[in-house]
1. Go through the residues of region 134-147 one by one and say whether even a single one is among the polar types (S, T, N, Q), more than 22 Å from SER208 (Cβ to Cβ), surrounded by fewer than 20 Cβ atoms within 10 Å (Cβ to Cβ) and touching a residue at least 40 places away in the same chain (Cβ under 8 Å).
2. Read through the list (1) touching a Ser or Thr at 6+ places or on another chain (Cβ under 7 Å); (2) at pLDDT below 90; (3) outside any loop (DSSP other than H, G, I, E, B), then give the number of the only condition that ALA66 fails.
3. Is it true that some residue in region 72-94 is within 16 Å of SER38 (Cβ to Cβ), at pLDDT 80 or above, surrounded by 15 or more Cβ atoms within 10 Å (Cβ to Cβ) and near the ligand (Cβ under 9 Å from one of its atoms)?
4. Restricting region 197-233 to residues that are farther than 15 Å from PHE55 by Cβ and in contact with a Gly (Cβ under 6 Å, 6 or more places away or on another chain), which is modelled with the highest pLDDT?
5. Among the numbered criteria (1) crowded, with 19+ Cβ neighbours inside 10 Å; (2) of a type outside the set (Phe, Trp, Tyr); (3) at pLDDT below 90, which single criterion is violated by LEU100?
6. Sort out which residues of region 32-52 are touching a residue at least 60 places away in the same chain (Cβ under 8 Å) and within 16 Å of the ligand (Cβ to nearest atom), and write them in order of number.
7. Among (1) within 16 Å of the ligand (Cβ to nearest atom); (2) among the charged types (D, E, K, R); (3) assigned to a helix (DSSP H, G or I), where does LYS215 come up short?
8. Name the one entry in LEU167, LEU154 that is more than 18 Å from ILE89 (Cβ to Cβ), crowded, with 20+ Cβ neighbours inside 10 Å, modelled with pLDDT under 95 and of a type outside the set (S, T, N, Q).
Amino acid sequence: MDSKFRQVPSGVYTPGQGTGAPEGARLPSLAQAAFILSATDLAHFPSDDGSEIAFVGRSNAGKSSAINALTKRRSLARTSKTPGRTQQINFFGLGEGYRLVDLPGYGYAKVPLRMKQHWKKLIDSYLRQRLSLRGLVIVVDIRRALSELDKQILGWCLAAHIPAHVLLTKADKLSRNVSAATLRDVQRDLLLLDTSSVCDDGNSLFSSQIFSAIKKSGITNLEAQLMKWFTET
Ligand code: GDP
């Protein structure tokens with residue numbers, strides 16, 4: 001991905017690149033999460049100001065369940081039994097100037113090529129052009145670890161200088177030891193990918209954690225990551 005739309009010096013991550021949160025804005029409230037709109041193309045997105053954080057992941061990885069657990073809502077993001085069907089981007093408001101974005105799931109084998117291409121174009125243009133984007137949560141089923149597409153998205157994040165947090169969900173399906181070992185493997189993969197890009201504070205552009213929507217574990221950690229991105233603007 002080129003940086004035609006995101007003008008940042010190469011090799012340097014600049015937190016809050018973009019339009020910035022509105023002056024005097026209140027802190028984001030996950031408890032107040034409310035649906036704004038669904039869009040299938042950039043022309044219909046909400047205006048690109050304030051700050052937003054997007055969730056992306058393979059279909060069925062547990063993205064909707066993670067968003068619902070985070071916002072403590074039963075069905076804010078629909079948990080779908082027909083993976084790959086929804087190609088829309090859903091926007092949720094978290095109080096004035098803050099949004100959560102639910103990007104369409106990917107990697108479902110039965111989806112026609114035409115839809116896969118549409119997905120790539122949509123995600124690519126979203127990541128390139130959305131100046132209010134502060135960070136990306138990549139939802140990954142802990143039993144599958146990082147897929148090629150997950151890695152491709154991490155590559156896009158590097159190119160666009162967008163921080164990413166890998167959420168290893170469904171951890172309740174594995175023992176503590178196996179979960180911890182998978183987390184270490186993912187951390188190693190992230191380190192390998194992210195050798196060239198270091199934030200101003202010396203931290204990596206990428207982070208990761210274990211999560212379970214069923215057990216409601218890892219929510220505090222995820223919330224802290226989101227608040228960090230929202231407030232370091
Ligand atoms: P999405 O397609 O990525 O939005 O995935 P969903 O949130 O719809 O979840 C897909 C399936 O995985 C559903 O049957 C969920 O109940 C299940 N699921 C989601 N999160 C968890 C979790 O943390 N633990 C377990 N055991 N199942 C989960």
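1. Restricting attention to region 134-147, the residues satisfying the condition of being among the polar types (S, T, N, Q) are 147.
Still in the list and also more than 22 Å from SER208 (Cβ to Cβ): none.
Within region 134-147 (the criterion being among the polar types (S, T, N, Q), more than 22 Å from SER208 (Cβ to Cβ), surrounded by fewer than 20 Cβ atoms within 10 Å (Cβ to Cβ) and touching a residue at least 40 places away in the same chain (Cβ under 8 Å)), the answer is no, since none of the residues qualifies.
2. Unmet for ALA66, out of (1) touching a Ser or Thr at 6+ places or on another chain (Cβ under 7 Å); (2) at pLDDT below 90; (3) outside any loop (DSSP other than H, G, I, E, B): (2).
3. No; the residues of region 72-94 include none that is within 16 Å of SER38 (Cβ to Cβ), at pLDDT 80 or above, surrounded by 15 or more Cβ atoms within 10 Å (Cβ to Cβ) and near the ligand (Cβ under 9 Å from one of its atoms).
4. Filtering first and then ranking leaves ILE210.
5. The single condition LEU100 does not satisfy is (3).
6. Matches in region 32-52: ALA33 only.
7. It fails just one condition, (3).
8. Working: LEU167 fails: modelled with pLDDT under 95.
Among LEU167, LEU154, only LEU154 is more than 18 Å from ILE89 (Cβ to Cβ), crowded, with 20+ Cβ neighbours inside 10 Å, modelled with pLDDT under 95 and of a type outside the set (S, T, N, Q).
The values are calculated or read from the model by the stated rules, or taken from the named source; none is laboratory data. The structure presented is a predicted model; accordingly, all values stated were derived computationally and were not measured. Ideal geometry is used to build each Cβ from the backbone, glycine not excepted, and the neighbour counts take in all protein chains shown.
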